[in-house]
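The values are calculated or read from the model by the stated rules, or taken from the named source; none is laboratory data. Note that the structure is a prediction, hence the values are computed from the model and not measured. Ideal geometry is used to build each Cβ from the backbone, glycine not excepted, and the neighbour counts take in all protein chains shown.
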Amino acid sequence: MRITKILPVFVVIFLLTGCATYYNPVTGKTEYSLYSEQDEIDMGKAIDAKLARENRFIPNERVQTIGQRLVTVCDRQSLIYHFRTIESKEVNAFAVPGGYVYVYTGLLSKVESDDELASVLAHEISHVVARDSVRMMQTQILYSIPTSILFGSGRYQAIQKAVDTIFTLGMLKYSRTEELRADSLGATYLYRAGFNPEGMITFFQKLAKTQASMLKAFEIFSSHPDFEERIKNVQETISQLKAGVRK
């Protein structure tokens with residue numbers, strides 16, 4: 001009985017010896033990760049290649065321009081950000097490790113202004129900045145990679161193989177805290193970049209009017225807090241920005 005209790009401690013210690021440390025500008029703390037930033041980029045490349053095989057990417061200069069404008073004010077500019085538009089009727093947007101952000105044409109049909117589109121992109125950029133998807137990926141992908149490879153020279157190939165085998169959009173389910181934080185940080189980036197952060201509120205209000213039965217089918221909202229809570233959270237952030245409390 002005592003052995004089973006002690007074993008997890010040894011496992012944690014062993015894994016931490018191979019962990020990378022990095023400063024998270026969102027939490028303001030030094031954090032540990034099984035993946036370095038280069039590993040994160042490699043993971044993003046592998047996921048992007050998989051998504052390209054399974055979907056149709058179409059050029060969209062508007063998404064590119066707005067996305068890159070937001071990148072210039074975000075708190076993690078060491079990455080090269082990529083903005084993809086996927087042809088699909090789904091109202092969806094998501095980000096994966098390494099600075100890859102995806103928007104569906106179904107969502108683009110819902111936005112009526114650059115401010116609203118920017119609010120979606122800013123939210124997803126915020127997940128990248130906070131490394132939210134990396135934390136999820138490392139807990140799910142880690143166990144499919146032998147330890148000898150995970151900390152060895154074949155790491156990149158192992159990550160690619162793991163992504164091809166087990167990655168699905170269903171893995172991208174954030175906690176309530178992570179979603180609300182991405183909204184607040186996203187509103188801050190909108191403000192810094194010269195967009196009207198109220199665009200995030202009008203977009204939420206618009207989507208809130210959609211029938212509940214339809215919203216259940218949209219993965220972008222499946223794990224998010226309800227719109228009323230999200231709107232209140234963004235309104236508080238905007239008030240702080242205007243008062244100079246938040247920068």
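Quick one: would you say Gly67 is touching a strand residue (DSSP E or B) at 6+ places or on another chain (Cβ under 6 Å) and assigned to a helix (DSSP H, G or I)?
For Gly67, the condition - touching a strand residue (DSSP E or B) at 6+ places or on another chain (Cβ under 6 Å) and assigned to a helix (DSSP H, G or I) - is met.
Could you look through segment 39-88, keep only residues that are among the small types (Gly, Ala, Ser) and out of contact with any Phe, Trp or Tyr (no Cβ under 7 Å at 6 or more places or on another chain), and pick out the one that is nearest to Tyr156 (Cα to Cα)?
Taking the candidates together, the pick is Ala46.
If I go through segment 146-163 residue by residue, how many of them are out of contact with any helix residue (DSSP H, G or I) (no Cβ under 8 Å at 6 or more places or on another chain), at pLDDT 70 or above and hydroxyl-bearing (Ser, Thr, Tyr)?
Within segment 146-163, residues that are out of contact with any helix residue (DSSP H, G or I) (no Cβ under 8 Å at 6 or more places or on another chain), at pLDDT 70 or above and hydroxyl-bearing (Ser, Thr, Tyr) number 1.
Output yes when any residue across segment 35-54 is at pLDDT below 95, of a type outside the set (Lys, Arg) and not in a helix (DSSP H, G or I), and no when none is.
Yes, segment 35-54 has at least one match.
Criterion first (within 17 Å of Arg62 (Cα to Cα), in a helix (DSSP H, G or I) and out of contact with any strand residue (DSSP E or B) (no Cβ under 9 Å at 6 or more places or on another chain)) does Ala118 satisfy it?
yes
For segment 87-136, give me each residue that is of a type in the set (D, E, K, R), modelled with pLDDT under 95 and either under 19 Å from Ser33 (Cα atoms) or buried (at least 19 other Cβ atoms within 10 Å of the Cβ) (or both). Full working, then the answer.
As a first pass, look at segment 87-136 and keep what is of a type in the set (D, E, K, R): 87, 89-90, 110, 112, 114-116, 124, 131-132, 135.
Next, from what is left, pick out any that are modelled with pLDDT under 95: 89-90, 110, 112, 131-132, 135.
Result: Arg131, Asp132, Arg135.
Scan segment 187-226 for residues that are among the aliphatic types (A, V, I, L, M), under 21 Å from the mean Cα position of the chain (by Cα) and at pLDDT 80 or above and jot them down.
The answer is Ala187, Leu190, Ala193, Met200, Ile201, Leu207.
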